[in-house]
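Notes for the one structure printed next.
The values are calculated or read from the model by the stated rules, or taken from the named source; none is laboratory data. The model shown is predicted, which means the values in this text are computed figures rather than measured ones. Every residue, glycine among them, receives a Cβ derived from its backbone with ideal geometry; neighbour counts consider all protein chains shown.
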Amino acid sequence: MNTDIDIPWWIGTITPDNKLKIYDRQEQLEQLFDRAYMSKLSKNPERYWTIVGEVWKRTEFPCFSAEAWLNVFSETPGVNAYTRLWLKNPQRVYRGRNAEYASCDCDWSWTTDLDKAWWFARRFGSKHAEVIEFDTRSDPSRVWCVFENDPENEVLLWSPTAYEFVHYPEDFEEAVE
C-alpha cells in the first residue's frame, strides 16, 4: 500500500501494519477532543474553523457528546473572516427541532434558511416538529461561526443550554427520561 498519502489527522491514520484507517464520526470527534484537551488545536481562526467545521458537519446528535464539543469550542481562537463579515449585518437564524426534547436541546446548530429549519424539524417524522428563531442582532456575541458556501446555511451559536447540560446534569435528568 502506498503510505505517501497526506491524510488530515482528524480523518484517519496509517496503522502500524501500513494500512489506511479512516476514522468514523465518533473517532473524528475523539481526535479533535484530544487536540483540544492538550491545547493543540490551531490558533488560527481560519484553520481552526475549517477543521472543527469538517468534523462538526459529520456529527449527528452533538448533545450526546456535549462535554467533548464544549471542550473543543473552548479552544476557539475567535471568529473566522467570513463570520466577521457576516456579523456586519447579523440576521435572524432558525432551528428545527422536536419540541418533545426542547428542554435538553443543545441548540448549537442554526440556519439562515427557514425551509431548511423545517426540514430538520420534520426529518424523523416527529409529530412535535417546531422551528424556533433567534435574532443574532440581539446578541451577536453568541455567533461562533458562519460556514461559508454551506448547503445548510449553518450558523453555530454559543449555547447556554449545552453549558448547563454538561455542568448541571441533574437539572436535565427528568427531561431526558
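Side notes on the structure shown:
- Residue selected from segment 132-147 under the condition in contact (Cβ under 8 Å) with a residue 24 or more places away in the chain and within 16 Å of GLY78 (Cα to Cα), by the criterion surrounded by the fewest Cβ atoms within 10 Å (Cβ to Cβ): PRO140
- In summary, VAL55 fulfils each of the numbered conditions (1) closer than 26 Å to HIS167 by Cβ; (2) more than 10 Å from the chain's Cα centre (by Cα); (3) part of a helix (DSSP H, G or I); (4) not hydroxyl-bearing (Ser, Thr, Tyr) with the single exception of condition (2).
- Any hit, segment 118-131, residues being in contact (Cβ under 8 Å) with a residue 12 or more places away in the chain, of a type in the set (Val, Ile, Thr) and under 27 Å from GLN26 (Cβ atoms): no
- Unique match (being surrounded by 13 or more Cβ atoms within 10 Å (Cβ to Cβ), closer than 30 Å to PHE124 by Cα and modelled with pLDDT under 95) among GLU67, GLU60: GLU67
- Test for ILE51: is it more than 21 Å from PRO140 (Cβ to Cβ), in contact with a strand residue (DSSP E or B) (Cβ under 8 Å, 6 or more places away or on another chain), in contact (Cβ under 8 Å) with a residue 12 or more places away in the chain and surrounded by 13 or more Cβ atoms within 10 Å (Cβ to Cβ): no
- THR111 being under 18 Å from GLY12 (Cα atoms) and either of a type in the set (S, T, N, Q) or within 14 Å of the chain's Cα centre (by Cα) (or both): no
- Residues that are farther than 14 Å from TRP144 by Cβ, loosely packed, with under 15 Cβ neighbours inside 10 Å and among the basic types (Lys, Arg) occur at least once in segment 77-96.
- Given (1) closer than 17 Å to SER159 by Cβ; (2) of a type in the set (D, E, K, R); (3) surrounded by fewer than 17 Cβ atoms within 10 Å (Cβ to Cβ), index of the condition LYS43 fails: (1)
Table: residues versus (1) within 15 Å of ASN89 (Cα to Cα); (2) modelled with pLDDT of 95 or more.
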{"site": "ALA117", "(1), (2)": "no, yes"}
{"site": "ALA121", "(1), (2)": "no, no"}
{"site": "THR136", "(1), (2)": "yes, yes"}
{"site": "PRO160", "(1), (2)": "no, no"}
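- Pairs with Cβ under 7 Å, 6+ apart, first in segment 58-86 and in contact (Cβ under 8 Å) with a residue 60 or more places away in the chain, second acidic (Asp, Glu) and surrounded by fewer than 17 Cβ atoms within 10 Å (Cβ to Cβ): ASN80/GLU46; TYR82/GLU148
- So SER109, is it crowded, with 16+ Cβ neighbours inside 10 Å, modelled with pLDDT of 90 or more and under 15 Å from PHE61 (Cβ atoms): yes
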